[in-house]
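**Q** One structure, as structure tokens, below. Some questions next.
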Amino acid sequence: MPLLTEAPPRKRPETPPMTQDAPKTPAADSTAPAGIPAIQVKGVDFSYGDKQVLKNVTLDVPQNQVVAFIGPSGCGKTTLLRCFNRMNDLVPGARVTKGSIIIEGANIADKSIDPVQLRRHVGMVFQKYNPFPRSIYENVAYGPRTLGERKKAALDEIVEKSLRRAALWDEVKDRLDDIATGLSGGQQQRLCIARTIAVDPEIILMDEPCSALDPIATAHVEDLIFSLKDHYTIVIVTHNMQQATRVSDRTAFFYLGEVVEYDTTRKIFENPVQKRTLDYISGRFG
């Protein structure tokens, strides 16, 4: 396999915009103006059937930053995360009842948006690592193959690049044909991140990606998250407030379906404006 530092940029099937007329915001690793958010959430209400879960949520996620969502269980943070790639569509009766979520110039809450197409732009890493019961190589190559890539040399390059970005290449380069489920838990989670990276998303969502990992594996994934923001915008849900302080640039504190406070992570944890934020981060409730 060629070294990625020497290989020319790979070509893959062009990812079309999510609507024909929607202007495309430059990708996260482009020269986009700093002021253009990767995600804009404007006055969003969300319900599961008759139960309202999100209430008038408004926030911007800046490009090439890590944004953490914190708050007690059931506060709506995971629901909002799953709105960003329409995973909530899989739940009967789940819907955005008001407001908009703008990604690449399109309101992705609109039912005219194809959620499959959306998920090519917005990848997701789940709480429990879930590699396919296939080889390490095939796990990473699966997405590009689905998008139409068939050339072995191109797939080799994609696999190496993705595993390098996921800080896993040096550990698995000599056993790419081994079954992925034979890796350690931390390696499996980094493989799932590599699998997400392989289809070139602009945004990566992470739903408590370290909750099933030991402290050493958690440290590896946290280091990875910090480095990945050079190429992607990342939104992470975490119950671990120390983790939020370590990896995120900005933090949103959710409570009872509302964003109580959203600011730089340093300000949220060192000088919060709202008393409920202070009470939560100091362990007085939640």
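The values are calculated or read from the model by the stated rules, or taken from the named source; none is laboratory data. On a predicted model such as this, the values are computed, not experimentally measured, just so you know. As a convention, Cβ positions derive from the backbone with ideal geometry for all residues, glycine included, and neighbour counts pool all protein chains shown. Side chains included, ligands, DNA and RNA excluded: accessible areas come from the protein's heavy atoms. Shrake-Rupley method; radii C 1.70, N 1.55, O 1.52, S 1.80 Å.
**Q** crowded, with 22+ Cβ neighbours inside 10 Å and outside any strand (DSSP E or B), is that true of TYR129?
**A** So TYR129 fits the description; yes.
**Q** For region 209-233, what are the residues that are open to solvent by less than 50 Å² (accessible area, probe 1.4 Å) and part of a helix (DSSP H, G or I)?
**A** Hits for region 209-233 are ALA217, THR218, ALA219, VAL221, GLU222, LEU224, ILE225, LEU228.
**Q** Hey, can you tell me all the residues within region 110-126 that are in a loop (DSSP other than H, G, I, E, B) and open to solvent by 20 Å² or more (accessible area, probe 1.4 Å)?
**A** Within region 110-126, the first condition is being in a loop (DSSP other than H, G, I, E, B), and the residues that meet it are 110-114, 126.
Scanning region 110-126 gives ASP110, LYS111, SER112, ASP114, PHE126.
**Q** Looking for something in contact (Cβ under 8 Å) with a residue 24 or more places away in the chain and within 19 Å of the chain's Cα centre (by Cα) - is there at least one such residue anywhere in region 167-178?
**A** Yes; the residues of region 167-178 include at least one that is in contact (Cβ under 8 Å) with a residue 24 or more places away in the chain and within 19 Å of the chain's Cα centre (by Cα).
**Q** Of the residues that make up region 243-265, is at least one farther than 21 Å from PRO37 by Cβ, within 18 Å of the chain's Cα centre (by Cα) and open to solvent by less than 40 Å² (accessible area, probe 1.4 Å)?
**A** yes
**Q** Checking ASN240 against (1) more than 14 Å from the chain's Cα centre (by Cα); (2) at pLDDT 95 or above, which single condition isn't satisfied?
**A** (2)
**Q** In addition: Going by the structure shown, is LYS98 open to solvent by 60 Å² or more (accessible area, probe 1.4 Å), more than 27 Å from LEU224 (Cα to Cα) and at pLDDT 95 or above?
**A** Yes.
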